[in-house]
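Some notes on the structure that comes next.
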Amino acid sequence: MRDTDTVLHMIQELIAIIDLLIQTLSVPFVQRALIGAFLIAVVASTSGTFLVFRGLSFMTSGVAHAALGGAALGLFLQHSGLVPWFDPILGALLFSVFVALVTGYAGETGMTEKMEVAVGVSFALSMSIAVFLMYYIPPTQVPQIWGYLIGDILLLTNFDVALLAVTAIVLVLITLIFNKEFIYVSVDMEGSIAHGMNARAYHYLMLITSALAIALATKAVGAILVYAIMVAPAAAASELIKSIRGIFIAVFVIALVSELMGLVASFTFSASPSAIAGILAAFSYVVAMQIKRLRNRVSINLDTLPQHDEEVNHFLLDALDASAHEGYDH
Amino acid sequence: MTQQFLFEVKDLAVKYPNGELALYNVNFRIESPTFMAIVGPNGSGKSTLLKTALGLIKPVRGQVKVLGYDSVRENKKIRKLVRYVPQRDRIGLSVPLKVKDIVLMSRLLKKPPPRFASAKDKEMARDALKRVNMADLWDRPFPELSGGQRQRVLVARALAGDGPILMLDEPLAGTDHESQDMIVEALGEYRNEHEVNIVMVTHDLNPIHTLVQDVLLLKNTVVGVGTPCDMMNTELLEKVYGPTARVIEYAGHRYCVTHDSGVDRHY
């Protein structure tokens, strides 16, 4: 009798948990957060992966900050009455495209190092413009600019979700159609041009779509989550996985799992879901590095164990003997 | 029918991106078809000449014609004819492309997107890899290969493509003897079977001098053009490689000995 009691009790508890889960899932802002997490994972596995392939992980933070400068410009134009219809998001998109163009121009020869420098310079320029304009914007409006950087996945509006969905769909389509071109540009720009492909156009297409995606994602979920999810999962996956399709899938999974765990954590104890997701994503990279190191150690132990060669030893010893007898200086 | 020229170069001058002159007063003509070597030490403008011919760099003076097409105005037409292999270190290793993906590039790059590989494409790629003895590594990630293996895969990329001109930039640099022999043999064989032009940039003529028909000796300007035997001339080689250059004869072949070729280490 007692056994059936405990079983019954457990079932009741389980039902209660499921009930709570269903209740939680039916709350609109939770639903929006879950959809947002899914869409950001899509953005990471497309744009994020290509940027890491291209050696441009730094561009994520460059573009997000440039977007801040753009948002400041938008607010300035609105409030000064110069261009009243100029929404801050337009400015953000404009500036992110600017960073992509400067970066692209520096990298037309395929040199990644030059592109990193260009990102740094255009990043600094946009931030300077932002700070410069803040001086001329009414102080009450300034927090709105910073708010651009600190969006939150729990505060998504329906409009944000729609914007993210369109971004993700466009990115997936472009990736499906042009993934070979983007990869060829990353691997062998010179050879691609020499074989007649319009590599320059694909080079800019990739950078501009990535920049727009980063700016829009930043607007929706905030810069912290975008940095964390765009770079770390792609870096982790490309350390370990040796097929391109595998990397795309792994990035999506790592990004989604980090975000979901972030959301769960924010419900169980009060914590920023973006921060938790960021920590987990960064942790995935550390783990990947460790696994890679371990794997290398194992493969050295098993595969390339040098064969002990008696004959060579004899030769070596003879030679050493001979040279010792002849009294060579070494 | 008039004679067709693979290269027709008139009064060419090209600058490096840093503004220094890479090439000046370059004039020569090479008849098609040929197996040609562009020889000279580092920094002599060999790669620059190839890139100018492909329209990747614009000359500051003069012109290059490739099979009659001008390198600036008609580079689209030239690029349809060419299969190009850049220097090995220009190939990015951050993407885990498979060996087959690299070899298929030369065929897929000439198609419109989405560039799917047909059965024929795969067959040609496999066949090209067999020629350099790399068919077993079909599914291996390219970045994991050794330098020599990577170079062989890149040569296979050129062999797998279509188009009457193969341009290879330093395909023998940094390879061991096994890879070097394999590459040279594969190129020679391919050339015997197909009516194509092969242009190879190299700082060492010795491994290929029995195969090539034309040699362009380059040191920022043309030092000599002719057959390999004509170019195996101490006076000419000294102009390019400095006073330590020598020519030695062994088993009926002339070899040049320079600091660049590495042969002098056994002196």
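A compact table of results
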item	result
Yes/no for B:SER106 being in contact with a strand residue (DSSP E or B) (Cβ under 8 Å, 6 or more places away or on another chain) and within 12 Å of chain A (Cβ to nearest Cβ)	yes
Helices (runs of 4 or more DSSP H) within segment A:137-207 that include 3 or more residues among the polar types (S, T, N, Q)	A:158-187
Unique match (being facing chain B (nearest Cβ under 10 Å) and at negative phi) among A:ASN198, A:ASN158	A:ASN198
Selection from segment A:237-286 of residues that are assigned to a helix (DSSP H, G or I) and within 14 Å of another protein chain (Cβ to nearest Cβ)	A:ALA237, A:SER238, A:GLU239, A:LEU240, A:ILE244, A:ARG245, A:GLY246, A:ILE247, A:PHE248, A:ILE249, A:ALA250, A:VAL251
Hits in segment A:32-81 (condition: farther than 22 Å from A:LEU171 by Cβ, among the aliphatic types (A, V, I, L, M) and surrounded by fewer than 24 Cβ atoms within 10 Å (Cβ to Cβ))	A:LEU77
Candidate set from segment B:17-58 (those that are more than 14 Å from chain A (Cβ to nearest Cβ), of a type in the set (Gly, Ala, Ser) and closer than 20 Å to B:GLY226 by Cβ); member that is surrounded by the fewest Cβ atoms within 10 Å (Cβ to Cβ)	B:SER32
One residue from B:LEU21, B:LEU12, B:LEU56 being more than 19 Å from the chain's Cα centre (by Cα) and modelled with pLDDT under 95	B:LEU21
Of residues in segment B:109-122 being of a type in the set (A, V, I, L, M, F, W, C) and either surrounded by 23 or more Cβ atoms within 10 Å (Cβ to Cβ) or free of Cβ contacts under 8 Å to residues at least 12 places away in the same chain (or both), the one nearest to the other protein chains (Cβ to nearest Cβ)	B:LEU109
Meets criteria (of a type in the set (Val, Ile, Thr), modelled with pLDDT under 95 and farther than 20 Å from A:GLU116 by Cβ) for A:ILE249	no
Subset of segment B:92-103 [facing chain A (nearest Cβ under 7 Å) and of a type outside the set (A, V, I, L, M)]	B:GLY92, B:SER94, B:PRO96
Single condition B:ASP89 does not satisfy, out of (1) buried (at least 18 other Cβ atoms within 10 Å of the Cβ); (2) more than 10 Å from every other protein chain (Cβ to nearest Cβ); (3) under 27 Å from B:LEU56 (Cα atoms)	(1)
Condition met for A:GLY55 (in contact (Cβ under 8 Å) with a residue 12 or more places away in the chain, within 14 Å of chain B (Cβ to nearest Cβ), on the phi > 0 side of the Ramachandran plot and not β-branched (Val, Ile, Thr))	yes
Pair list, Cβ under 9 Å, 6 or more apart: segment B:219-245 residue closer than 18 Å to B:PHE28 by Cα, other residue assigned to a helix (DSSP H, G or I) and among the basic types (Lys, Arg)	B:LYS219/B:LYS239; B:VAL223/B:LYS239; B:GLY224/B:LYS239
Out of A:ALA16, A:ALA72, sole residue that is assigned to a helix (DSSP H, G or I), in contact (Cβ under 8 Å) with a residue 12 or more places away in the chain and away from every other protein chain (no Cβ under 14 Å)	A:ALA72
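The rows are residues; the columns are (1) closer than 17 Å to A:GLY70 by Cα; (2) at pLDDT 90 or above; (3) among the basic types (Lys, Arg).
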| residue | (1), (2), (3) |
| --- | --- |
| A:PHE95 | yes, yes, no |
| A:PHE98 | yes, yes, no |
| A:GLY104 | no, yes, no |
| A:GLY107 | no, no, no |
| A:MET111 | no, no, no |
| A:PRO138 | yes, no, no |
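The values are calculated or read from the model by the stated rules, or taken from the named source; none is laboratory data. Remember, it's a predicted structure, so these values are computed and weren't measured experimentally. Ideal geometry is used to build each Cβ from the backbone, glycine not excepted, and the neighbour counts take in all protein chains shown.
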